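Comments concern the structure below.
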Amino acid sequence: MTPSRRGLILGAGAAALSGPAFAEPSDGLALNGRFVQGGFAMGRAEPRAMVFIDGEALSTASAAGLFIVGFDRDAPPSVQLEVRGQVRVARRTLSIAPGSFPSTRINGLPPSTVEPSDPTLLARIQEEIVLKTEGFASRADADDFRSGFTWPLDSYRVTSLWGSQRVLNGTPARPHYGIDLAAPAGSPIRAPADGVVTFARAGMHFEGGLTLIDHGQGLITAYLHQSRIDVLPTQRITRGDVIGRVGMTGRATGPHLCWRMKWRDRNCDPSLMIGESAPENAYTSG
Ligand SMILES: [Zn+2]
């Protein structure tokens, strides 16, 4: 063997190792995504393939074969994905990197927004939970997530990262399941992707003006603290449409958009969807 041939073989080996970790066209599944706590996987497989996570059937691919799966803040280091079509079954073990979640202290919040005790207020909060839950339970048969997201504000400053552990008025609270984008009150909020409005209501106790958008298959984004809402439930919207305005309604200490995302019952980081997209190589049945 000549040195040049040896070099060629070593080069081929290195190329194979650095290739796409999850693309194995032989089983018809291609995957993109952010494999980290709070992230997601976006895949292309057989149309209407069933998507199983750790053995549980959780979703169905769209007519184009696209699907999405979210990883929550406490996702385990390894997740089993299985995609069952009419023709093929594909399996992947996904390694989920740990997120890094800072701790944030917020003081000076009105006590009624941190530890409500008034029975009338508690009843109102309970009613609002039921309404929100309905909005989050929407499961549009769509793949409007396929082209990822754009930022919902033209200009902003990130004031609180997703997943931070919050200490409110000195008491540890739920992690912050939003990313806070500070901007002047009245700034337009734009849909980051196509979708359907499933909830739009002003005056929520915690969230103030709240809108929910369903992007398909249980992927739902939320927009909190709005001073004005410009859409109605069931309304179909397109990326870039103005859906409302930045405000400081509900539990907020200054004008900002708290942007959230859920996949089914899992809280995910919407900013991880920025600039991402579904795999482009089409599924072929041959
Ligand atoms: Zn927030």
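Share of carbon and sulfur in the accessible area of the range 31-95 stands at 46%, probe radius 1.4 Å. One Cα centroid belongs to the range 42-111, the other to the range 115-136; the line between them spans 29 Å.
Which residues in the range 261-282 place their backbone N less than 20 Å from a point set 7 Å from the Cα of ASP74 along the Cα-to-Cβ direction? Residues 261-270 qualify, since their backbone N sits under 20 Å from the label point. The phi-based Karplus calculation (6.51 cos²θ - 1.76 cosθ + 1.60; θ = phi - 60°) puts the 3J(HN,Hα) values of the range 67-80 at 8, 9, 9, x, 10, 7, 4, 9, 4, x, x, 9, 10, 8 Hz, whole numbers, x for Gly and Pro. Other residues lying with their Cβ under 14 Å from the Cβ of PRO255 contribute a combined charge of +3, Lys and Arg counting +1, Asp and Glu -1.
Sorted from longest to shortest, the spans of the Cα atoms of the chain along the three principal axes equal 80, 39, 35 Å. In order along the range 209-218, the Karplus-derived 3J(HN,Hα) couplings, from 6.51 cos²θ - 1.76 cosθ + 1.60 at θ = phi - 60°, round to x, 10, 10, 10, 10, 8, 9, x, 6, x Hz, and Gly and Pro are given as x.
Ranking GLN80, GLY70, LEU31 by Cα position along the charge dipole of the range 31-95, where only Lys, Arg, Asp and Glu carry charges on their C-beta atoms, puts LEU31 farthest toward the positive end.
What you get for the chain, charging only the Cβ of Lys and Arg (+1) and of Asp and Glu (-1), is a dipole of about 500 debye around the Cα centre.
Protein heavy-atom accessible surface, 1.4 Å probe, per residue over the range 31-95: 40 Å².
Here the Debye sum runs over all C-alpha atoms of the range 31-95 as equal scatterers in vacuum, and log10 of I(q)/I(0) at q = 0.19 Å⁻¹ comes out as -0.64. The alpha-carbon positions of the range 62-130 define a convex hull whose volume is 182 Å³ per residue. Taking the Kirkwood radius as Rh and the Cα radius of gyration as Rg, the range 230-286 has a ratio of Rg/Rh equal to 1.09. From helices alone, the chain scores -4000 deg cm²/dmol at 222 nm; the rule is -39500 (n - 2.57) for each run of n ≥ 4 DSSP H residues, then divide by the residue total. Of the residues GLY216, CYS268, MET248, the one whose Cα sits farthest towards the positive end of the charge dipole of the chain is CYS268 (charges of +1 on Lys and Arg Cβ, -1 on Asp and Glu Cβ, taken about the Cα centre). For the range 208-269, the carbon plus sulfur part of the accessible surface works out to 46%, probe radius 1.4 Å. As a fraction of the 1.4 Å probe accessible area of the range 146-204, surface on carbon and sulfur atoms comes out at 51 percent.
The values are calculated or read from the model by the stated rules, or taken from the named source; none is laboratory data. Just so it is clear, the structure is predicted and the values come from calculations on it, not from any experiment. Neighbour counts are summed over all protein chains in view; Cβ atoms, including those assigned to glycine, are modelled from backbone coordinates with ideal geometry. SASA here: full protein model, heavy atoms, side chains in, ligands and nucleic acids out. Shrake-Rupley method; radii C 1.70, N 1.55, O 1.52, S 1.80 Å.
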